Amino acid sequence: MKFGHFDDQRREYVITNPRTPWPWINYLGNEDFFSLISNTAGGYSFYKDAKFRRITRYRYNNVPMDNGGRYFYINDNGTVWNPGWKPCKTELDKYECRHGMNYTIITGEKNGIEAETLFFVPLKTLAEVQKVKLTNKNKEAKKIKLFSFAEWCLWNAATDMENFQRNFSTGEVEIEGSALYHKTEFKERRNHYAYYSVNVPIQGYDTDRESFIGLYNEFSEPQAVTAGKPNMSVAHGWSPIASHYIEVELQPGESKEFVFVLGYVEFESRDDKWESKGVINKKPAKETIAKFDTAAKVDAAFMELRGYWDNLLDSYVLKSGEEKLDRMVNIWNQYQCMITFNFSRSASFFESGVGRGMGFRDSNQDLVGFVHQIPPRARERIIDIASTQFPDGGCYHQYQPLTKRGNNDIGGGFNDDPMWLIFGTVAYIKESGDFSILDDMVPFDNQPGTEKTLFHHLTVSFNHVIENLGPHMLPLIGRADWNDCLNLNCFSWDPNESFQTTENNSEGSKAESLMIAGLFVVCGRDYVELCRQIGNNEEAARAEKFVNDMVEAVKKHGWDGEWYLRAYDFYGKKIGSNENKEAKIFIESQGWCTMAGIGLEEGMVKKSLDSVKKYLDCEHGIVLNNPAFTEYVVEYGEISSYPAGYKENAGIFCHNNPWVIIGETVLGRGDYAWDYFRKICPSYTEEISDLHKVEPYVYAQMIAGKDAFKPGEAKNSWLTGTAAWNYYTITQFILGIKPAYSGLEVNPCIPADWKGFEVSRKFRGATYKIEVKNSGVMKGVKKLVVNGTEVAGNIVPMQPAGSVNTVEVIMG
Ligand code: BGC
Ligand code: NOJ
């Protein structure tokens, strides 16, 4: 069952039934000011950091789900309704929500009044702009009452939800004209305030929640709205809100537009904070308000945002003949990559914005899906990430976006982390050709005076693995590898401990990871190639030896007969082996070791992938392990804590499915690669939205696996490495167009019955119009013609910036 449809022309998903199986959300803003918005206008806004600069309040896991947001209430002669259906849930005559690229348009109609609400954050603006267009479709004139509503969060989203003995006394507001200002804690240490304004005179307001809603009422029946009368309340402590009251008269056929601005102001200097004693300096707010004080100005800013996305998405355009594939590659997958790049794993409807900052490994992986869009932002991110590294190559697992400092709560010790810095940096250089980044001076742990070149950071990253090898000369796992839940040195019996942060008893541990081994071979080879590119042949030779040793160690100690082992535990016992009772085979090591082609000649890659097909594949995707754990294993930690079929215990962890897909392309099995890709691709699962539950336009982290109570049900949409990995996989391995140091490599791996496809790819300033023709093979380039001239090999040589080039690829 579907709840809407794609509108590819406008790059929108159109939701036509507000009762989606879960709130289907979108993100507004893409640099500093952000908002989350659901299909019923629920959600919240923040500046840069969803924990430390939360602007509006949101209650997660609420009853009903997704209550609270920016709401417009219309009181039409006693009938009270919202354009987005919620929270009043008055039955609408028409409802539609269009989620587009960083904007959302929600339209509701009731009794001949249509309310179209556009929400977006204009480029380079610290505000969410909302344009409400009311139209009277009746034959007679109408007088209606419009109320806005936003609830202020007292800045720190964590303390906002717990420190009530203080919070209920600190709230402060100011009201001036049609702007309602939120200035809690401004008097003391805060240099920032928020505001909510509208571009017309108002006939009233409320700034105190209790006055507006009523202590015993709900969002669905605020007493000011039902009474049709604001209270002119001025918040002193308790819970400050902002609500405008506007009386609107509409002639038959008439439309009126109102522009609301929900904004944020921050002062660099304390000296600029005040206008006069106790009165905040409103100048910057008024400047922003003035920029959007007419509908025409808003429309122009909206066009600018659309133009920005046209330009971004223009760098990779696919025409495959498969509509569902094209819309993912050209629109939604790229969009999700931008969102994950911005937020890492911090704020979604599954991540509260409080617990997790920017992940070291997460952000590096997000880069590969984003780097072609805005390489300079990827560059900046790499430097931010590397600055949190330790001198020995180890890393903080996360950092806070506001301070850019490593997060002490979670610490480090995840031994895969260092490798991802190589992964991200190489992707950036291959895309941009900018080797100068390697010479940038980057500190360790953000300590001034510790700066070394970024290249040095890559070297210590590489060394971190080889300096931490276990008894089988395989990488020690540390706290965990990519699988945060395979906690081999943790031994936790205390339910109050977090597996992520509990002591890492790695002293004397023999726990080794085959996932890191495969990752090391892939990224280690990248490092070797990079060294050669910059003429450091000595380092290349040194590194290459370690990579080759690792290949041998995997073949010798990492092979179980039919597949690669997953790990050795603390005591040196095999994990992911036929000898085990449960979880005999895991996906991560099959993915990474096949990607690395370890034992290709000996048939290991094929055997491993055949075992994946046999034991891990199911209708909805590839599960993480099999059989699922049915008992808690203290030696393994969190992975065995999940009920069978969910999350890291035999869920379809979509993030790692592409590893197997890339493995299949190493083998040249384009049909299997495509089949796996399609199984978890959102536009292909749209038809089963009722089962799948989450948004059909973005990937979810997890789909319940074959051992689960409800296989096929997805969770944790939006912020997942799945976005970047699938984009990377489809564009660079299945369609096979891959940035290389010297040009664009073309090496597709597709089902034999595909006749071909076309891609327009922007690369280092030049455009390549690539046409791939296939007559019955899955892999192999027989002929490459660039601008009419045949070229040997499969690399399209770099062309001058600004040029438009034709590339013909004949597979065979
Ligand atoms: C989840 C992981 C996640 C980790 C991060 C675990 O509970 O299962 O997917 O990476 O928490 O804190
Ligand atoms: C989610 C985390 O963000 C990611 O870093 C991790 O690798 C996976 N979970 C698997 O545990």
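Considering only residues that are over 30 Å from D310 (Cβ atoms) and of a type in the set (D, E), which ones fall in the stretch 371-415?
Result: D392, D409.
Considering only the stretch 471-488, I want to know if a residue exists there that is crowded, with 22+ Cβ neighbours inside 10 Å, within 16 Å of ligand 1 (Cβ to nearest atom), over 21 Å from G721 (Cβ atoms) and at pLDDT 95 or above.
Taking every residue of the stretch 471-488 in turn, at least one turns out to be crowded, with 22+ Cβ neighbours inside 10 Å, within 16 Å of ligand 1 (Cβ to nearest atom), over 21 Å from G721 (Cβ atoms) and at pLDDT 95 or above.
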Answer yes or no as to whether I383 is more than 13 Å from ligand 2 (Cβ to nearest atom), of a type in the set (A, V, I, L, M), more than 12 Å from the chain's Cα centre (by Cα) and more than 22 Å from W24 (Cα to Cα). yes
Scope the stretch 354-380; condition over 15 Å from the mean Cα position of the chain (by Cα) and within 13 Å of ligand 1 (Cβ to nearest atom); matching residues: V354, G355
Is it the case that the stretch 660-677 has a residue that's at pLDDT 95 or above, closer than 17 Å to K555 by Cα, touching a Gly at 6+ places or on another chain (Cβ under 8 Å) and not hydrophobic (A, V, I, L, M, F, W, C)? yes
Limited to the stretch 461-504, what total is found for residues that are closer than 14 Å to N415 by Cα and assigned to a loop (DSSP other than H, G, I, E, B)? 18
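Criterion first (in contact with an Asp or Glu (Cβ under 7 Å, 6 or more places away or on another chain), away from ligand 2 (no atom under 16 Å from the Cβ) and in contact (Cβ under 8 Å) with a residue 40 or more places away in the chain) does P748 satisfy it? Before the answer, list the steps.
Working: in contact with an Asp or Glu (Cβ under 7 Å, 6 or more places away or on another chain): no; away from ligand 2 (no atom under 16 Å from the Cβ): yes; in contact (Cβ under 8 Å) with a residue 40 or more places away in the chain: yes.
In short, no.
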Top-ranked residue in the stretch 708-744 [being part of a strand (DSSP E or B) and over 25 Å from E619 (Cβ atoms); ranked as farthest from ligand 1 (Cβ to nearest atom)]: G743
Give A700, A766 a once-over and let me know the one that is out of contact with any Pro (no Cβ under 6 Å at 6 or more places or on another chain), free of Cβ contacts under 8 Å to residues at least 60 places away in the same chain and within 16 Å of ligand 2 (Cβ to nearest atom). A700
Here are some conditions: (1) closer than 29 Å to S641 by Cα; (2) touching a helix residue (DSSP H, G or I) at 6+ places or on another chain (Cβ under 7 Å). E544 meets all but one. Which one does it not meet? (1)
Could you grab the pairs with beta carbons closer than 9 Å, sequence gap of 6+ or different chains, first residue in the stretch 481-506 and on the phi < 0 side of the Ramachandran plot, second one away from ligand 2 (no atom under 16 Å from the Cβ) and not in a loop (DSSP other than H, G, I, E, B)? L488/E512; L488/Y568; S506/L476
Could you look through the stretch 484-519, keep only residues that are more than 16 Å from ligand 2 (Cβ to nearest atom) and aromatic (F, W, Y), and pick out the one that is farthest from H557 (Cα to Cα)? W493
A careful count of residues in the stretch 657-679 that are within 16 Å of ligand 2 (Cβ to nearest atom) and either among the aromatic types (F, W, Y) or surrounded by fewer than 24 Cβ atoms within 10 Å (Cβ to Cβ) (or both) gives 1
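Please indicate, with yes or no, whether at least one residue in the stretch 690-707 is in a helix (DSSP H, G or I) and of a type in the set (V, I, T).
Taking the stretch 690-707 and keeping what is in a helix (DSSP H, G or I), we get 690-692.
Restricting the remaining residues to those that are of a type in the set (V, I, T) gives none.
No, because not a single residue in the stretch 690-707 is in a helix (DSSP H, G or I) and of a type in the set (V, I, T).
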Among the strands (runs of 3 or more DSSP E) lying completely within the stretch 745-803, list those that include at least 1 residues that are under 25 Å from I331 (Cα atoms) and not small (G, A, S). 756-763, 766-773
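Within the stretch 177-184, is even one residue without any contact (Cβ under 8 Å) to a residue 60 or more places away in the chain and under 30 Å from S346 (Cα atoms)? Please lay out each step first, then the result.
Initial filter on the stretch 177-184 (without any contact (Cβ under 8 Å) to a residue 60 or more places away in the chain): 177, 184.
Then keep just the ones that are under 30 Å from S346 (Cα atoms); that gives 184.
Yes, that holds for at least one residue.
Within the stretch 112-130, work out how many residues are in a strand (DSSP E or B) and crowded, with 22+ Cβ neighbours inside 10 Å.
Kept after step one, since they are in a strand (DSSP E or B), are these residues of the stretch 112-130: 113-120, 127-130.
After this cut, where a residue has to be crowded, with 22+ Cβ neighbours inside 10 Å as well, the list is 113, 115, 117-120, 127-130.
So the count comes out to 10.
For the condition within 30 Å of S742 (Cβ to Cβ), away from ligand 1 (no atom under 16 Å from the Cβ) and surrounded by fewer than 15 Cβ atoms within 10 Å (Cβ to Cβ), what is the one hit in E538, E529, E544? Before you say what the answer is, go through the steps one by one.
On the way: E529 fails: surrounded by fewer than 15 Cβ atoms within 10 Å (Cβ to Cβ); E544 fails: surrounded by fewer than 15 Cβ atoms within 10 Å (Cβ to Cβ).
The unique qualifying residue is E538.
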Might you check whether a residue that is out of contact with any helix residue (DSSP H, G or I) (no Cβ under 9 Å at 6 or more places or on another chain), more than 19 Å from V259 (Cα to Cα) and free of Cβ contacts under 8 Å to residues at least 24 places away in the same chain occurs anywhere in the stretch 105-126? no
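The values are calculated or read from the model by the stated rules, or taken from the named source; none is laboratory data. Values in this document were obtained by computation on a predicted structure and should not be read as measured data. Because the Cβ atoms are built from the backbone with ideal geometry, glycine has one as well, and the counts that use them run over all protein chains shown.
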